[in-house]
Amino acid sequence: HMAVTLKDEKILDTWGVVMEGGAGHAGSLLQSIQGLLKQSELPGISWDIVDAQPGMLKGLFGKKREYLRITNEGLKDYRMYLGARDYGKHLDISWFLTVEPGFFKSAFSAMLAHGNINAISFSLDVFDMQDLRAYATAVHHCCVIRAVQEIGQKIGQDTSKFNWQSK
């Protein structure tokens, strides 16, 4: 797997839930999500499995987790990282929507906002913003929620009380 570094300041949106009694289902959840992504035929969407680390130094000391990285051809700077892992007897599921502007854009953005990398999102036009929202929402609602509900049914867990709202 390719290794990627996830930096906090680049996270635009995030969602997560811990499913009681869900340990052992991370693999099938990720398979299910990939199947639903395929079925959804979202335009320009592709995915792969990567090893993510929270920062360069921590990565050197072996702090890595496997994520499904979902990218959008039309919005190359934006990526979703979806992870599922056993957490005791439970299943910890989360995703992060990140922005990774190219060098020119990040320099420009830093000038605009005195170092606030998120200023770059203001350079999106209305169609880009609509596409970004559609991409994140479709992946979340049509793939992640559906897959989590399937696993919930399998293990007799009521998912109707889950908070599906991202931050």
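The values are calculated or read from the model by the stated rules, or taken from the named source; none is laboratory data. Here the structure is a predicted model, which means the values were calculated and not measured. Positions of Cβ are backbone-derived with ideal geometry, glycine not excepted, and every protein chain shown enters the neighbour counts. Remember, those area values only see protein heavy atoms, side chains included, never the ligands or the DNA or RNA. Shrake-Rupley method; radii C 1.70, N 1.55, O 1.52, S 1.80 Å.
Worth pointing out:
- ILE155 exposes around 50 Å² of accessible area when a 1.4 Å probe is run over every protein chain in place.
- The candidates PHE162, PHE61, PHE127, arranged from most to least accessible area with a 1.4 Å probe in the full protein assembly, appear as PHE61, PHE127, PHE162.
- J(HN,Hα) series, the stretch 90-97, from Karplus relation 6.51 cos²θ - 1.76 cosθ + 1.60, nearest Hz, glycine and proline x: 10, 10, 9, 10, 7, 9, 10, 9
- Charge sum, other residues only, whose C-beta stays under 10 Å from GLY16's C-beta, Lys/Arg counted +1 and Asp/Glu -1: 0
- Of the solvent-accessible surface of the stretch 1-98, computed with a 1.4 Å probe and all protein chains present, 52% belongs to carbon and sulfur.
- Distant-in-sequence amide H partners of ALA52 (H built 1.01 Å from N, under 5 Å): VAL4, ARG65, GLU66, TYR67
- If a spin label sat at a point 7 angstrom from the Cα of GLU20 along the line to its beta carbon, the backbone N atoms of the stretch 141-162 nearer than 20 Å would be those of 148-162.
- Accessible surface ranking for HIS25, HIS1, HIS90, HIS140, 1.4 angstrom probe, highest first: HIS1, HIS90, HIS25, HIS140.
- Accessible area, probe 1.4 Å, largest first, for residues LYS167, LYS154: LYS167, LYS154
- Applying the criteria of a DSSP loop state and at most 15 other Cβ atoms within 10 Å to the GluC sites (Glu not before Pro) of the stretch 1-104 yields GLU20, GLU41.
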